[in-house]
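A short write-up of the structure that comes next.
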Amino acid sequence: MSWAAWLPPASQGGTATPEPPAEPVEPVEPAPVADPVPVAAVAVDDDLTRIEGIGPRIATLLKEAGITGFAALADAHAEQLAAVLAAAGPRFRLAQPASWPQQAALLAAGDEAGFAALAAELKGGVRR
């Protein structure tokens, strides 16, 4: 085999047709990233029994009513909470939800010291 066999066809005396230039590729814009969901908007399943005056049964009632986290409880009105309790029957009539939103707001904000100070003043969710 001669060295000419290793050369491209044009150098062997043939006519090589040049390849057409590749079409320019448009740069692709990356897909926009969705805005993150605010933390308060995310449904959180907090331990509502940390709230003075809320036991496991009341926590279950609140979660069934859509109040699953401290932020949601902080946004609730005492009248709304009383309505949830009243709808559940007479066994919950002694519960006093007036301080629950305030306690929940402290926990939602991460203010453990403020929550502990407030909880120390409460018995069953009512100021002593």
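General remarks:
- The numbered conditions (1) touching a Ser or Thr at 6+ places or on another chain (Cβ under 8 Å); (2) at negative phi; (3) in a loop (DSSP other than H, G, I, E, B) are all true for G53 except (2).
- Residues located in segment 79-112, provided they are small (G, A, S) and within 24 Å of the chain's Cα centre (by Cα): A104, A105, A108, A109, G110
- Hey, A113 surrounded by fewer than 17 Cβ atoms within 10 Å (Cβ to Cβ), of a type in the set (G, A, S) and modelled with pLDDT of 95 or more or not: yes
- Whichever residue in segment 78-107 is outside any helix (DSSP H, G or I) and surrounded by fewer than 16 Cβ atoms within 10 Å (Cβ to Cβ) and, among such residues, is modelled with the highest pLDDT: G89
- Condition check for E29: exposed (fewer than 15 other Cβ atoms within 10 Å of the Cβ) and either on the phi < 0 side of the Ramachandran plot or modelled with pLDDT of 90 or more (or both): yes
- Condition check for A72: touching a Pro at 6+ places or on another chain (Cβ under 6 Å) and surrounded by 14 or more Cβ atoms within 10 Å (Cβ to Cβ): no
The values are calculated or read from the model by the stated rules, or taken from the named source; none is laboratory data. Keep in mind the model is a prediction, meaning the values are calculated, not measured. A quick note on method: Cβ atoms are made from the backbone with ideal geometry, for glycine too, and the neighbour counts reach across all protein chains shown.
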